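The values are calculated or read from the model by the stated rules, or taken from the named source; none is laboratory data. What you see is a predicted model; the values in this text were computed from it and never measured. With ideal geometry, Cβ positions are generated from the backbone for all residues, glycine too; neighbour counts draw on all protein chains shown.
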Amino acid sequence: MDELVNIECLLVSHNVLRSINGIQKLTTLLTLNLSFNYITELNGIENLTLLEDLHVNNNRILMIEPIASLKNLKALGFFNNELVDQDVIVDTLASLPKLTELCIDGNPATRNLEFHYTIVLKIPKLTMLNEEPVKELDTTIATKYFENKGMEVPEPDAQKDNKQIFLQEQA
């Protein structure tokens, strides 16, 4: 991989890759497609801080946390993996300030409506979710879903932090 240190786009989908050892050296990558492989871990990917477009669909990935440092990420394909912790998934995705396109269906943790609605509400900048446009109606329906179940309506972390500061100032 030493010869590829200045590469901006790497497409290695539909191979038999089991690991991404050495990927941390490719710090100039903007686009990375690792879909349809046998990858279980994303170790090293946290060093690819310029990455804007990441596709790791149809692998066997268990943990999403390594992508939390990818603050330039705009598009993420993560469907059909083995993600199981809804809270970790939501927190990790909500920490990506530029994320506007997300495909994450087909994971054990994402197979319910509540997860979908939580994502819509916690990441209001999403324009595409699971290859469907996110519209204002989606936000309204998601809000009503939680209200009708008597549950707290999820909101973006920044909004929650601002509301908490406001309430403290009022006290």
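List of remarks:
- Here P156 fulfils each of the conditions (1) modelled with pLDDT of 95 or more; (2) surrounded by 12 or more Cβ atoms within 10 Å (Cβ to Cβ) apart from (1).
- The condition of being modelled with pLDDT under 95 and out of contact with any strand residue (DSSP E or B) (no Cβ under 7 Å at 6 or more places or on another chain) holds for only one of N43, N59, N47, that being N43.
- Any chance K144 is in a helix (DSSP H, G or I), of a type in the set (K, R), more than 28 Å from I61 (Cα to Cα) and modelled with pLDDT of 95 or more: yes
- Within region 60-75, tally of residues that are out of contact with any Asp or Glu (no Cβ under 7 Å at 6 or more places or on another chain) and either surrounded by 22 or more Cβ atoms within 10 Å (Cβ to Cβ) or of a type in the set (D, E, K, R) (or both): 5
- Single match in V16, V88, V5, V12 (criterion: surrounded by fewer than 18 Cβ atoms within 10 Å (Cβ to Cβ), more than 30 Å from Y117 (Cα to Cα) and in contact (Cβ under 8 Å) with a residue 24 or more places away in the chain): V12
- Residue identified as in contact with a helix residue (DSSP H, G or I) (Cβ under 6 Å, 6 or more places away or on another chain) and either on the phi < 0 side of the Ramachandran plot or in contact (Cβ under 8 Å) with a residue 60 or more places away in the chain (or both) among S35, S69: S69
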